[in-house]
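These notes concern the structure reproduced below.
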Amino acid sequence: MEWTNIFIHNPSEPLLFHTGVFLLLFSLFLIAYSFIYQNQKVRNIALIIFGFYFYYKASGMFLILLITSLSADYIFSKWIHNCKKTKLKKLILIFGILFSLSFLVYFKYSNFFLENISYLTHTNYILSDFILPIGISFYTFQSISYLVDVYQNKIQPSGFINYMLYMTFFPHLVAGPIVRAKDFLPQIKKPTKLNKGNINEAFYLITKGFIKKAIIADFIAQYADSVFSTPDGFSGAEHLISSLCYTLQIFCDFSGYTDMAIGIALLLGFRLCVNFDSPYKSLNITNFWHRWHISLSSWLRDYVYIPFGGNKKGFSLQMLFLLLTMLIGGFWHGANWKFIFWGAGHGILLILHKIFLLKFPKKIDNPIFNFVSWLFTFICVSLLWIPFRAGSIEETIFIYNKIFTDIDFKYFSAIYFSNTLLIYFLLIGYTLTLLPNTIKEFVKKQFYDANIITKFVILGILIQLFLQVKSSSIQPFIYFQF
């Protein structure tokens, strides 16, 4: 590859955290950053420029759309703050939110609406061949939260440079976490301090994220992709294994990205919010949503569920608001009925859990009940990942039918002997995912205390393992497509 290609957008080669190109470019940037980070103004501009470059490498000329959208939202935030008339202030907020959503609706949902209108009216609308701008779902939600927080006087509008850095900070720009202004803006105004503790934590998170994404997720994705791409060519047992693969893959992929994002941000002197907290250890579905994609679930709570009325308008309406919130969360993930099905499934499970707590308010805490609760929650979550990965609702139903009616246990031994390494990766992946926190903290401490030579040896082993198990092409992060 010619060195000039680093300045050219290539849709098939986005700038990913776990690639050698990013490692080289970020290392060079870090060297330059070490000379300027104490000058806040220069530091901020440098981070914005690198953020623009990072986004351009991911999404090409959609960089212009990003700049346009963010600049408009900044102007709206100023108008909202300066407006003294309550009704006009609210009108500006609504217009600002609709303006932000208009780009998301156009690029992500136009074909969905046209397709369904065509079906209902028996017409034949021509669908457009849209390319979805990378990260548009994330930065749209983040800009909306900024406008609402300014409207509610939770934050003061920031200067343009600080605002652009908040929105374009590249570790979270294309796949989250969704960062709140109240958490990030104060960090911009403080002097950047890099200490040994932060650097150790950063390298630990980046290493952990690399293991999750580049080694575990990308390897088991090869089996999941082969089964989900042609579902009618596989048995129920193979679909069950494939579903377990995807359940582990999506966690390792997304939480691995988040770990690397938080680690990279720490090396730059900023701390992003925790986005995952061992979600597959959850004992109920409510707890799962307190642990999974925390920045999105808290965003939906604060900017959708509570504005609907939350739990202040009676139990029946609370259940309705809960279901609507999860439907919106599902639709946010993609313009397809399968995502609405996924959101509805989680909404119904949340409602059932609320009803259970109403009927049995006294907490039940014994090992057998906890295990059954965990197993039930894990099974429900795993089954609901199937529509998330399947090509359509029809394929989802087909896979469910295969799993529930076409399981022949003699196939499992055949799967084991023909995919032994895959089974080992599944066992290792789930073991690491479900480890007690005490063991995780012990491993973290050992990593912190290790000398630099040991860390480089670990890194070398991981890179060699990655080269041995990787597929023919670098796999993008799953959440890039949302």
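The values are calculated or read from the model by the stated rules, or taken from the named source; none is laboratory data. As the structure is a computational prediction, the values presented were derived from the model and not from experiment. Please note: Cβ atoms are built from the backbone with ideal geometry, for glycine as well, and neighbour counts cover all protein chains shown. Only protein heavy atoms, including side chains, enter the accessible area calculation; ligands, DNA and RNA are left aside. Shrake-Rupley method; radii C 1.70, N 1.55, O 1.52, S 1.80 Å.
Quick notes on this structure:
- Computed accessible area, Met164, all protein chains, 1.4 angstrom probe, square angstrom: 10
- In terms of overall dimensions, segment 374-422 has a Cα radius of gyration and Dmax of 13.0, 32 angstrom.
- Per-peptide average of other Cβ atoms within 10 Å, ordering 194-205, 112-123 highest first: 194-205, 112-123
- Å² per residue, accessible surface of the chain at 1.4 Å: 49
- Separation of segment 96-120 from segment 318-362 is 23 Å, based on Cα centroids.
- Phi-derived couplings, Karplus 6.51 cos²θ - 1.76 cosθ + 1.60 at θ = phi - 60°, listed residue by residue for segment 341-355: 4, 4, x, 5, x, 5, x, 5, 4, 5, 5, 4, 5, 4, 5 Hz, with x used for Gly and Pro.
- Nearby aspartates and glutamates by direct alpha-carbon distance to Lys312 (threshold 15 angstrom, same-chain neighbours under 8 apart not counted): Asp302
- Bridging of Lys402 to aspartates and glutamates at a Cα separation below 14 Å is possible for Asp232, Glu238, Glu394, once same-chain residues fewer than 8 apart are set aside.
- Prolate/oblate/rounded label for segment 431-472 (Cα gyration tensor, a/c 1.5): oblate
- Anisotropy class of segment 149-223 from Cα gyration tensor, a/c 1.5 cut: oblate
- Among 340-353, 437-450, the order from most to least packed when residues are scored by Cβ within 10 Å on average: 340-353, 437-450
- For segment 289-387, the spread of Cα positions along the three principal axes, ordered from largest to smallest, is 40, 34, 22 Å.
- Förster radius 60 Å - calculated FRET efficiency between Lys90 and Ile368, Cβ distance, rounded to 0.05: 0.70
- Volume per residue of the convex hull around the Cα atoms, evaluated for segment 151-192, comes out as 86 Å³.
- J(HN,Hα) series, segment 312-323, from Karplus relation 6.51 cos²θ - 1.76 cosθ + 1.60, nearest Hz, glycine and proline x: 9, 10, x, 5, 4, 5, 4, 5, 5, 4, 5, 5
- Whole-Hz Karplus values for segment 105-115 come out as 5, 5, 7, 9, 10, 4, 5, 4, 5, 5, 5 Hz, taken residue by residue from phi with 6.51 cos²θ - 1.76 cosθ + 1.60 and θ = phi - 60°; glycine and proline positions read x.
- Within the accessible area of the chain (1.4 Å probe), percent carbon and sulfur: 68
- Relative to its Kirkwood radius, the Cα radius of gyration of segment 350-470 gives an Rg/Rh of 1.07.
- Order by protection proxy (mean Cβ within 10 Å, highest first), peptides 370-376, 49-55, 292-298: 292-298, 49-55, 370-376
- Prolate/oblate/rounded call for segment 40-157, Cα gyration tensor, a/c under 1.5 rounded: oblate
- If the chain linking Ser27 and Asp277 were pulled fully straight, counting 0.36 nm for each residue of separation and taking away their Cα-Cα distance, it would gain 87.1 nm.
- When only alpha carbons of the chain are considered, Rg and Dmax amount to 23.2, 72 Å.
- Aspartates and glutamates whose Cα lies under 16 Å from that of Lys212, excluding same-chain neighbours fewer than 8 positions away: Asp253, Asp259, Asp277
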